[in-house]
Amino acid sequence: DAGVTQSPTHLIKTRGQHVTLRCSPISGHKSVSWYQQVLGQGPQFIFQYYEKEERGRGNFPDRFSARQFPNYSSELNVNALLLGDSALYLCASSLAQNFYNEQFFGPGTRLTVL
Amino acid sequence: SQQGEEDPQALSIQEGENATMNCSYKTSINNLQWYRQNSGRGLVHLILIRSNEREKHSGRLRVTLDTSKKSSSLLITASRAADTASYFCATEGYNTDKLIFGTGTRLQVFP
């Protein structure tokens with residue numbers, strides 16, 4: 001069975017541009033969470049989506065948005081990119097909404113903003 | 001901001017030795033989890049301990065939780081070179097819908 005997949009693997013953008021990152025959860029998983037991991041730090045929670053609705057939001061500006069589709073895949077959108085948005089963006093899926101369930105992480109998308 | 005703070009930031013040991021990492025957090029939690037990350041890739045879930053549990057084992061891993069001190073420890077026994085990775089604690093806060101990660105401990109196990 002396939003794990004969590006993310007695309008693209010790497011991405012280079014310039015300041016002010018927009019980016020869309022994609023995540024496909026494990027089959028049967030209805031919850032998708034997004035995290036930003038800056039080099040040398042732990043992942044920071046951005047969003048959780050469950051059954052296509054936003055269930056949790058971290059301390060990120062409105063430039064960050066996400067959505068979940070009927071097949072439970074998800075997109076993370078970041079507008080007006082800043083240099084500080086350079087990071088590894090991780091997606092995790094799980095069976096249910098709460099975090100008692102094991103989170104399965106994808107390999108991440110490494111975003112570089114120049 | 002991150003809730004968990006891990007200690008030490010880095011740890012180097014020889015194969016066969018035990019490795020202990022500590023995590024402190026700030027607010028009441030539902031559960032605490034430990035994850036491993038190899039070379040900046042995706043994280044792998046290791047173990048979850050609920051707020052009403054004090055100790056949990058999984059293979060060579062032993063996790064303790066002291067909610068009165070808001071701290072947890074991860075012990076890896078008989079370490080192997082393959083255990084070389086960064087280890088993170090993560091907490092689900094009480095009445096929150098967030099999973100908050102700590103700063104991580106970088107473990108290096110020398111053969």
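The values are calculated or read from the model by the stated rules, or taken from the named source; none is laboratory data. Computed from a predicted model, the values in this text were never measured in an experiment. Neighbour counts run over all protein chains shown; Cβ positions are idealised from the backbone, glycine included. We work out accessible area using only protein heavy atoms, side chains counted, and drop any ligands, DNA or RNA first. Shrake-Rupley method; radii C 1.70, N 1.55, O 1.52, S 1.80 Å.
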The stretch B:70-91, subset touching a residue at least 40 places away in the same chain (Cβ under 8 Å) and over 16 Å from the mean Cα position of the chain (by Cα), residue most open to solvent (accessible area, probe 1.4 Å): B:ARG80
Would you kindly identify the strands (runs of 3 or more DSSP E) lying entirely within the stretch A:1-57 that contain at least 3 residues that are within 12 Å of chain B (Cβ to nearest Cβ)? A:31-37, A:44-50, A:53-57
Identify, please: which residue in the stretch B:75-90 is part of a strand (DSSP E or B) and more than 9 Å from every other protein chain (Cβ to nearest Cβ) and is, among those, nearest to B:ASN38 (Cα to Cα)? B:ALA85
Being of a type in the set (Val, Ile, Thr) and over 15 Å from B:GLU17 (Cβ atoms) is the filter here, so list the residues in the stretch B:45-88 that pass it. B:ILE47, B:ILE49, B:VAL63, B:THR64, B:THR67
Residue list for the stretch A:61-91, restricted to those being touching a residue at least 24 places away in the same chain (Cβ under 8 Å), of a type in the set (Phe, Trp, Tyr) and either in contact with a Leu (Cβ under 9 Å, 6 or more places away or on another chain) or closer than 25 Å to B:ARG36 by Cβ (or both): A:TYR89
Anything in the stretch B:92-107 that is open to solvent by 70 Å² or more (accessible area, probe 1.4 Å) and touching a helix residue (DSSP H, G or I) at 6+ places or on another chain (Cβ under 9 Å)? List them, or say none. none
Can you name the residue in the stretch A:83-114 that is part of a loop (DSSP other than H, G, I, E, B), open to solvent by 60 Å² or more (accessible area, probe 1.4 Å) and within 8 Å of chain B (Cβ to nearest Cβ) and, of all such residues, is farthest from A:TYR50 (Cα to Cα)? A:PRO107
